[in-house]
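Encoded as structure tokens, the structure appears first; notes follow it.
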Amino acid sequence: MTAVSKSDDTELHRRLGAELFNKVWDLLGMEKRTPGQDAEMIHTAHASRYHWSRAENGPRAARGEWLCSWVCHEFEGELEDFDLPAMHEAFARAQLVAGNREEAMHRLKLATDLCSQISDPDDRDIIQAQIDSIAHAAA
């Protein structure tokens, strides 16, 4: 039996985490999903999170959300008007995938409220399309 180095193990978890993460986004992007695809998406999101947690220096979801929020608020004066609505949109999407509908809807409302304040119409359209896709998925 060949020994697997810690480096190989870390790289395997990182690769699997990324592949599974991308699969979740593919499923999220579907116009209509079957109940089986919904279940696949949820289990795939959990599997991705597991592999990222095993990857050395991989993302830490709970700390990551807190850290992102802190950075955005700490440097709020340096952010573009697109940044905070994009942050809340991403958190809404993540919470919806995790099955936390109430928190997802809270984040979606924050994203929607902030989106209306984006001055550039093209930027506003981009984030609004993302918000709409979450609202559609949550319906």
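The values are calculated or read from the model by the stated rules, or taken from the named source; none is laboratory data. Remember, predicted model here, so these are calculated numbers, not experimental data. Calculation scope for accessible area: heavy atoms of the full protein, side chains included, ligands and nucleic acids excluded. Shrake-Rupley method; radii C 1.70, N 1.55, O 1.52, S 1.80 Å.
Mind ranking K32, K109 by accessible surface for me, highest first, 1.4 Å probe?
Heavy-atom accessible area, descending, gives K32, K109.
When all protein chains stay in place, what accessible area (Å², nearest 10, 1.4 Å probe) is found for R101?
120 Å²
Just report the Cα centroid separation between region 92-131 and region 8-37, whole Å.
Result: 22 Å between the Cα centres.
In square angstrom, rounded to the nearest 10, how much accessible surface does E19 have for a 1.4 Å probe?
In the full protein context, E19 sits at about 90 Å².
How big is the accessible area of V24 in square angstrom, nearest 10, if you roll a 1.4 angstrom probe over the protein chains?
10 Å²
For D8 and D120, calculate 0.36 nm times their separation in residues minus their Cα-Cα distance, and state this gained length in nm to one decimal.
35.8 nm
Any chance you could get the radius of gyration and Dmax over the Cα atoms of region 7-55, in Å?
11.8, 39
Ordering E31, E89 by accessible area with a probe of 1.4 Å, largest first, what comes out?
E31, E89
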